[in-house]
1. Would you mind classifying the stretch 138-186 by shape? Square roots of the alpha carbon gyration tensor eigenvalues, ordered a ≥ b ≥ c; an a/c under 1.5 is rounded, otherwise it is prolate if a/b is larger than b/c and oblate if not.
2. Using a 1.4 angstrom probe, figure out how much accessible area the chain has per residue, in square angstrom, rounded to the nearest whole.
3. How big is the charge dipole of the stretch 244-374 about its Cα centre, in debye rounded to the nearest 20, if each Lys and Arg gets +1 on its Cβ and each Asp and Glu gets -1 on its Cβ?
4. How large is the charge dipole for the stretch 337-488, taken about the Cα centre, if only the Cβ atoms of Lys, Arg (+1) and Asp, Glu (-1) carry charge, to the nearest 20 debye?
5. Around Thr233, what is the net charge, scoring Lys/Arg as +1 and Asp/Glu as -1 over all other residues with Cβ under 10 Å from its Cβ?
6. For the stretch 69-141, calculate the relative contact order in percent as a whole number, restricting contacts to Cα pairs under 8 Å that are 6 or more residues apart.
7. Averaging sequence separations of C-alpha pairs under 8 Å and six or more residues apart, then dividing by the length of the stretch 394-528, give the relative contact order as a whole percent.
8. I'd like to compare 210-218, 386-394, 72-80, 182-190: which one has the highest average count of other Cβ atoms within 10 Å, and what's the full order after that?
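The values are calculated or read from the model by the stated rules, or taken from the named source; none is laboratory data. All values reported here derive from a predicted model rather than from experimental measurement. In this analysis, Cβ positions are derived from the backbone assuming ideal geometry, glycine residues included, and neighbour counts consider all displayed protein chains. Note: accessible area is taken over every heavy atom of the protein model, side chains too, but ligands, DNA and RNA are not part of it. Shrake-Rupley method; radii C 1.70, N 1.55, O 1.52, S 1.80 Å.
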Amino acid sequence: MKTRKTLWVLSLLVTILIPVTGSAADGLSSESATPPPVSAPALEDYGFEIKSGEELYRPDPVLPDLSRFSREAVESRLAERPDQAPNVTVERIGDVSALGDFVDEGRAREWVIRQFSHPQAILVNSGKVTLEDVYRQVADARYMERAEDGTYIVRLPLVVRQGATLVIRNQTLRLSEERGAFFANDGWLFAIDSKILGWREQANGPSIFRKKTDFRPFFVGWGGSETFILGSTMANLGYQQSKSYGFAIAQYSEYDNARLQRSEPHAWLVESTFEDLYYGFYCYEAEDVAIVNNVYRDNIVYGIDPHDYSEGLIIAGNEVYGTREKHGIIISRQVNNSWIIGNRSYDNGLSGIVLDRQSRNNVVANNVSHDNQGDGIGLYESPDNLLWGNRLMNNLRNGIRVRNSTNVDLYNNVAVLNGTWGIYGQLKDLSATDRNFKEDFYDYEVSLTVVGGELASNASGPISSDNPEYIALYNVGMRFPRSAAGIHFEGVLGHFQMQIFDALLNKDRAVVIKPSNVAMGKVTRVEN
């Protein structure tokens, strides 16, 4: 997996080994600390080509087998863990690697205030351990109690150390907000048919979100850890602090991992519910994470948010709704080679599904995204992706928006009753934003292939694109216009509107529109 350091080294080697002249300089400018030039091909440079639809054919994408993320598979992984005697202690938190992020940069003050003493934690050091084992070995009601109904409450951070296994089965674990409890997995965690809840002891109720800066308990799985959540509920967790977002899977910092040498963290989240989390899911430099057949409801900022250099993720069969502030599902900053398939994302504060910040080579297939306050699906500065067989309905903005992204294939998608365009290819200048253009580079270009599907009854029209590097169309249904003027295009598509209709409707042919002199380098580029 490409870490930030790896990407920096690759960039340096390219700069040294490849002479930067002419078009090569243009190719590397996107990774500089400055935004790309705001220019696009001029309208008069575009040509129109008719070709066979077979030239745009591509087979159905190969999707991952979801049957392997089953209850039986989780139980099998648990059975493989060695049956060793449990060892649990209460210790000061200073030298515990899984707690380093939470005592650095002044954050230790939080635990001093809440524990009224030098901060301590409950450490699951080794063995295959149950909550009852933890309770018996802690043996101190100041730190952990068991109620008459069998519910446990912990009042210190709870840590599963490397090599240890904690099993929570058919139980409820409450994490005390007042005492600063949270849950860190540095080993193996199996939560099966259980509840893990943030708990407000003074109110004798859940830690319902109040404001983003207010501490709430949280869960984090660190580099090298294995986390399995099956048939469980996690609720009332997280606030706006690093790695404290609610449910997080994260690699250690580059500095820490130079010493620890941990592999990427892994997780399976299966048939579970995540509710009232600051982020329903967050990951950083994770690999092979499976988020399958869960419910994410009424989370605060994001429902599902894989981030930074994660790879090989499967986000499938989830129902994501009621996200208050932003998107239902988003992958951001070079989250590559992943699948977002068969999800339902609706009634979210912004878009249903988003790919962001150079997330590439992903398959977004067979999702339903409707009644969101943004787009059904948005691609922001993320080239080389496939959208296949998605249904986008009644979203406030576009069915599909493709911004500053090239080589995007849109096959067999249905976008109906959306508030602006069915599909919108957008060029947007981001130079006035606070974006780090070295880390989050992009090209001011857009290109699309649209094949099959239906773009019907969208308020602004079926499809529009700012001046693209190319746009290819074939067999696209465009019925039931909402405008009294009927189906109409704007910009480059409007310039060739009659030829497009003739080729698509009368001749059953494909069309490709692109600057006609690209190969000879004679395109006139205009400032936008």
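1. Details: a/c = 1.83, a/b = 1.26, b/c = 1.45.
Oblate shape, in that a/c is at least 1.5 and b/c is the bigger or equal ratio.
2. Working: 21590 Å² over 528 residues.
Here the residues of the chain average 41 Å² of exposed surface.
3. Around 200 debye, computed over the stretch 244-374.
4. Details: 12 positive and 16 negative charges, 89 e Å.
Approximately 420 debye in magnitude.
5. On the way: positive: Lys195; negative: Asp193, Glu275.
Here the charged neighbours net out to -1.
6. Values: 67 pairs, mean separation 33.5, N = 73.
It comes to 46 percent, rounded to a whole number.
7. On the way: 288 pairs, mean separation 29.0, N = 135.
RCO, the stretch 394-528: 21 percent.
8. Details: 210-218: 16.8, 386-394: 21.7, 72-80: 13.0, 182-190: 25.6.
Descending mean neighbour count gives 182-190, 386-394, 210-218, 72-80.
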